[in-house]
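Scroll down for the structure; my scribbles are underneath it.
The values are calculated or read from the model by the stated rules, or taken from the named source; none is laboratory data. Just so it is clear, the model here is predicted, and its values are computed rather than measured. Counting neighbours? That spans all protein chains shown, and the Cβs are built from the backbone with ideal geometry, glycine included.
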Amino acid sequence: MIRFEAETEDLLHSRFALSPLFELNGLLRGLAGHSGRPPWADRLRPAFRRLRAGTALDAVLALHTPSYGAAFAAPPPRLGLAQTIEDDLAQVRATPLALARREIGLCLRHRPAGDRAAALLRRDDVTELIADALETAWQELVAPSWPQLRAICERDVLHRAGRLGQGGWEAALADLHPRVRWRDRGIEILRTASHETVALGGRGLLLIPSVFVWPRVAAHTDDPWPHALIYPARGIAALWETPARTEPGALAGLLGRTRARVLLALDEPAGTTQIARALGIAVGAAGDHLAVLRRAGLLDRARAGRAVLYRRTPLGDALARAAHPADPGR
């Protein structure tokens, strides 16, 4: 079990964050065979094999072991929800060589690397080498689908922020993951390979929703990196499912043509006026359709400043994908 000891100051300083590089590393682990992945990941394997042959990706993969991962290759984000892949890669490149070598040594003690990867990891420019390989892999494997995947993570944050406001941290963590619980002023991750108690020391905890960590949960506990808990974003299980194809006409028959168009238009959160303009319908009619879809459990809503934004629930996402299947790896 890993237990994060939290004092009042830690609760004040804990926050949600996004990490594009965590997502990339999670996908790489899956493609390398370290964890199960959805069927569409098979389409990425030719590109993955090409990257292994033409870049230093084997050195990156050597930093992924079942029980340890080099934090410098996927550092916890420092900019919260505003973190970009460019921010992540800049952190990798800025890693002191001594720190990178220490983490590389820990990885290789857990699992020796092949001759080519080991030679790359001994180079003095290893942090630049790793960052370049990660940047190329990002562009090839994740960048085309990142807006969709980021939206899933942002929706999770919106949900948990509401739970936090209503019932505090215990409520926000209640359905985060079956192995995560709030107990005696601490956040505990059950059934972990390591057993440690980590004092947050007033710095708080990063809570990072993830697509590719599903169905597991992960944690960063080593200094000097920020402490972090990485958990599956809500609704991600529906993304991995392969629903039977439903023609758009069938969805219209179920919901009505305009309501089906409204549901399909909400790939990104939008307000009533935005939906009305996009579909060429009256604002009042758009509001009526949004209300019906929300009562049916296909949409939820949240306030962002003065605006009220509607977004699809996991059930709404599943119906929309069935009508227009999208391959996140395309």
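Outside any helix (DSSP H, G or I), touching a residue at least 12 places away in the same chain (Cβ under 8 Å) and either under 27 Å from the mean Cα position of the chain (by Cα) or within 14 Å of A320 (Cβ to Cβ) (or both) - does that describe any residue in the stretch 275-293? Within the stretch 275-293 (the criterion being outside any helix (DSSP H, G or I), touching a residue at least 12 places away in the same chain (Cβ under 8 Å) and either under 27 Å from the mean Cα position of the chain (by Cα) or within 14 Å of A320 (Cβ to Cβ) (or both)), the answer is no, since none of the residues qualifies. For the stretch 203-257, enumerate the residues that are at pLDDT 75 or above, of a type in the set (F, W, Y) and more than 13 Å from the chain's Cα centre (by Cα). Passing the criteria: only W225. Here L173 passes the criteria (1) touching a residue at least 24 places away in the same chain (Cβ under 8 Å); (2) of a type in the set (A, V, I, L, M); (3) touching a strand residue (DSSP E or B) at 6+ places or on another chain (Cβ under 6 Å) except the one numbered (1). Taken as a whole, the structure places L51 among residues that are of a type outside the set (V, I, T), modelled with pLDDT of 90 or more and crowded, with 21+ Cβ neighbours inside 10 Å.
Within the stretch 174-202, being at pLDDT 85 or above, assigned to a loop (DSSP other than H, G, I, E, B) and under 22 Å from the mean Cα position of the chain (by Cα) holds for L176, H177, P178, R179, L190.
Checked across the stretch 296-305, the condition of being of a type in the set (D, E), within 30 Å of P215 (Cβ to Cβ), at pLDDT 90 or above and not assigned by TED's automatic domain parsing to the domain that holds L44 holds for at least one residue. Inside the stretch 58-98, residues that are assigned to a loop (DSSP other than H, G, I, E, B) and over 17 Å from the mean Cα position of the chain (by Cα) make up a count of 9. You will find that of A71, A100, A56, A119, the residue that is on the phi < 0 side of the Ramachandran plot, free of Cβ contacts under 8 Å to residues at least 12 places away in the same chain and among the aliphatic types (A, V, I, L, M) is A119 and no other. Restricting attention to the stretch 83-97, and to residues there that are in contact (Cβ under 8 Å) with a residue 40 or more places away in the chain and over 12 Å from T127 (Cα atoms), which single residue is surrounded by the most Cβ atoms within 10 Å (Cβ to Cβ)? My answer is D88.
Residue by residue, here is whether (1) among the hydrophobic types (A, V, I, L, M, F, W, C); (2) over 15 Å from L57 (Cα atoms); (3) part of a helix (DSSP H, G or I) holds:
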site	(1), (2), (3)
I104	yes, no, yes
L108	yes, yes, yes
P112	no, yes, no
A131	yes, no, yes
S145	no, yes, yes
L164	yes, yes, yes
A172	yes, yes, yes
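Table: residues versus (1) surrounded by 14 or more Cβ atoms within 10 Å (Cβ to Cβ); (2) outside the structural domain of A62 (by TED's automatic domain parsing); (3) of a type in the set (V, I, T); (4) touching a Gly at 6+ places or on another chain (Cβ under 9 Å).
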| site | (1), (2), (3), (4) |
| --- | --- |
| P112 | no, no, no, no |
| D115 | no, no, no, no |
| A118 | yes, no, no, no |
| D125 | no, no, no, no |
| I130 | yes, no, yes, no |
| W138 | yes, no, no, no |
| I152 | yes, yes, yes, yes |
| D156 | yes, yes, no, yes |
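Results for (1) in contact with a Ser or Thr (Cβ under 9 Å, 6 or more places away or on another chain); (2) under 22 Å from I230 (Cβ atoms), shown as yes or no for each residue.
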| position | (1), (2) |
| --- | --- |
| L63 | no, yes |
| G69 | no, yes |
| T84 | no, yes |
| D87 | no, yes |
| L97 | yes, no |
| A100 | yes, yes |
| G114 | no, no |
| R123 | no, no |
| D132 | yes, no |
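Among (1) under 24 Å from I208 (Cα atoms); (2) not in a loop (DSSP other than H, G, I, E, B), where does A117 come up short? Every condition holds for A117 apart from (1).
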